[in-house]
Amino acid sequence: MDNPKRILVIQLKRAGDVIVTTPVLPALRQALPQAEIDFLVDKPFAPLLENNPSLHQVHLYDRQAPWKTWRNLRAASYDWIIDFQSSPRSILAGLYSGARVRAGYRVSFWGMFFHRTIKRPGAGLSATEGKMTLVRALLASAPAAGERRIYLTDPERNWAAKEINEKPAAKDIVGLIPTHRRSSRRWPAASFAHLARLLVSQGRAVWLFWGPGEQDYVSAIQREAPGSRMIPRTSLRQMAALLEQCKMVVTNDNGPMHLAVAVGTPTVTLYGPTDPVAWNPGGPRHRVVQASGLTCLGCNLNACPFGHECMAWIAPEKIFEMTR
């Protein structure tokens, strides 16, 4: 397959999915150094791609007027489209672009509009490596993927450093991210509060992270853990800058966990219904915690038909020891 001059990568949403796509970009750049690589993403997640040295341009998908997006893509004259989203709207955008090679996953009906397809990767493979299997369907000699990265600016880091307002000797900050849009994927709020109290009792600075629609949930945890502190309302990039200031982050398997990884902060992630092989980057800096003695781990259900044992059975004292 001849070398393309212009490539469009498509991953429209969500934050975690966009972040685990970032390691693919330097691999593409290394394999095709002369090509311009662009990215199509939903507007809320575009900040995650700012300053990325592997990208030439980031296109925003206009959900209110998709034909505007289609026209922009057609005008760009792409040679290849690598569609990691592989949903009807991403496939239609690629189809209208007129790109001569469109690759994506083998989805029902819509998959017929790709030139090159592979089966969507299943269990036992990381999300990033699953994306690399699609890249290698086009580039068999593609190098290994890079690391998840968000490229913060000095002003963003300076803002976060001022926001900390902690004594220089007390930079032993533990970030707690107790939220998830799916209740089945949350460690109980009472367990996060218990952990926060243990940390505060040892003189550790504890920050509670939250996003849109999560303030009340996290405020209730803060009230149960006097001495802990809620972060202010932030953008995605401001949250990333604050996460970078933490010595460690304890988190559910959520988008901010990927933010922490992408700025190099060590993580302890609690997994129940989701698969750590797929989402955890691995290595000694990013540890996994799961309940033991359960056969239903990794069920991927949004509502637990039992007693949510996969999360409830994880003891705060165990997580506290992991933060030492």
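Consider the stretch 57-83. How many of its residues are among the charged types (D, E, K, R) and over 17 Å from residue 13 (Cβ atoms)?
Of the residues in that region, 4 qualify.
Testing residue 80 on (1) open to solvent by 10 Å² or more (accessible area, probe 1.4 Å); (2) aromatic (Phe, Trp, Tyr); (3) more than 22 Å from residue 240 (Cβ to Cβ), one condition comes back false. Which one is that?
So the condition that residue 80 fails would be (1).
Yes or no: the stretch 264-278 includes at least one residue that is over 18 Å from the mean Cα position of the chain (by Cα) and not hydrophobic (A, V, I, L, M, F, W, C).
no
Looking only at the stretch 309-324, how many residues end up being part of a loop (DSSP other than H, G, I, E, B), modelled with pLDDT of 95 or more and not β-branched (Val, Ile, Thr)?
2
Do you know which residues across the stretch 195-230 are closer than 30 Å to residue 49 by Cα, surrounded by fewer than 21 Cβ atoms within 10 Å (Cβ to Cβ) and touching a residue at least 40 places away in the same chain (Cβ under 8 Å)?
Once the filter is applied, which keeps residues that are closer than 30 Å to residue 49 by Cα, surrounded by fewer than 21 Cβ atoms within 10 Å (Cβ to Cβ) and touching a residue at least 40 places away in the same chain (Cβ under 8 Å), the stretch 195-230 yields only 211.
Working only within the stretch 123-169, note down all residues that are open to solvent by less than 30 Å² (accessible area, probe 1.4 Å) and part of a helix (DSSP H, G or I).
127, 128, 130, 131, 132, 134, 135, 137, 138, 160, 164
Inspect the stretch 203-225 for any residue being among the polar types (S, T, N, Q) and not in a helix (DSSP H, G or I) and give the result as yes or no.
Checked against the condition, which is being among the polar types (S, T, N, Q) and not in a helix (DSSP H, G or I), the stretch 203-225 yields no hits at all.
If residue 265 meets every condition in (1) in contact with a Ser or Thr (Cβ under 6 Å, 6 or more places away or on another chain); (2) part of a loop (DSSP other than H, G, I, E, B) apart from one, which number is that one?
Here residue 265 meets the rest and fails (1).
With respect to the numbered conditions (1) at pLDDT 95 or above; (2) among the aliphatic types (A, V, I, L, M); (3) farther than 23 Å from residue 14 by Cβ; (4) over 20 Å from the mean Cα position of the chain (by Cα), which one is the sole condition not fulfilled by residue 174?
(4)
Using the structure shown, decide if residue 193 is assigned to a helix (DSSP H, G or I), farther than 23 Å from residue 13 by Cβ and small (Gly, Ala, Ser).
Answer is yes for this residue.
Taking the stretch 268-308 as the search range and keeping residues that are assigned to a strand (DSSP E or B) and under 23 Å from residue 190 (Cβ atoms), which one is most open to solvent (accessible area, probe 1.4 Å)?
Checking each candidate, the answer is 287.
Which residues, taken from the stretch 27-57, are closer than 19 Å to residue 5 by Cα and open to solvent by 50 Å² or more (accessible area, probe 1.4 Å)?
Scanning the stretch 27-57 gives 29, 30, 33, 34, 36, 53, 56, 57.
Looking at (1) under 20 Å from residue 275 (Cβ atoms); (2) open to solvent by less than 30 Å² (accessible area, probe 1.4 Å); (3) in contact with a strand residue (DSSP E or B) (Cβ under 6 Å, 6 or more places away or on another chain), which is the one condition that is false for residue 120?
Exception for residue 120: condition (2).
Would it be correct to say that residue 236 is without any contact (Cβ under 8 Å) to a residue 40 or more places away in the chain and surrounded by 16 or more Cβ atoms within 10 Å (Cβ to Cβ)?
no
Let me confirm something: among 87, 141, 108, which residue is over 19 Å from the mean Cα position of the chain (by Cα) and closer than 28 Å to residue 300 by Cα?
108
Which of the numbered conditions does residue 17 fail, given that it passes all the others? Conditions: (1) open to solvent by less than 10 Å² (accessible area, probe 1.4 Å); (2) in contact (Cβ under 8 Å) with a residue 40 or more places away in the chain.
So the condition that residue 17 fails would be (1).
The values are calculated or read from the model by the stated rules, or taken from the named source; none is laboratory data. Since we're looking at a predicted model, the values are computed, not measured. For neighbour counting, all protein chains shown are included, and Cβ atoms are generated from backbone atoms with ideal geometry for every residue, glycine included. Accessible surface is based on the protein model in full, side chains and every heavy atom, while ligands, DNA and RNA are left aside. Shrake-Rupley method; radii C 1.70, N 1.55, O 1.52, S 1.80 Å.
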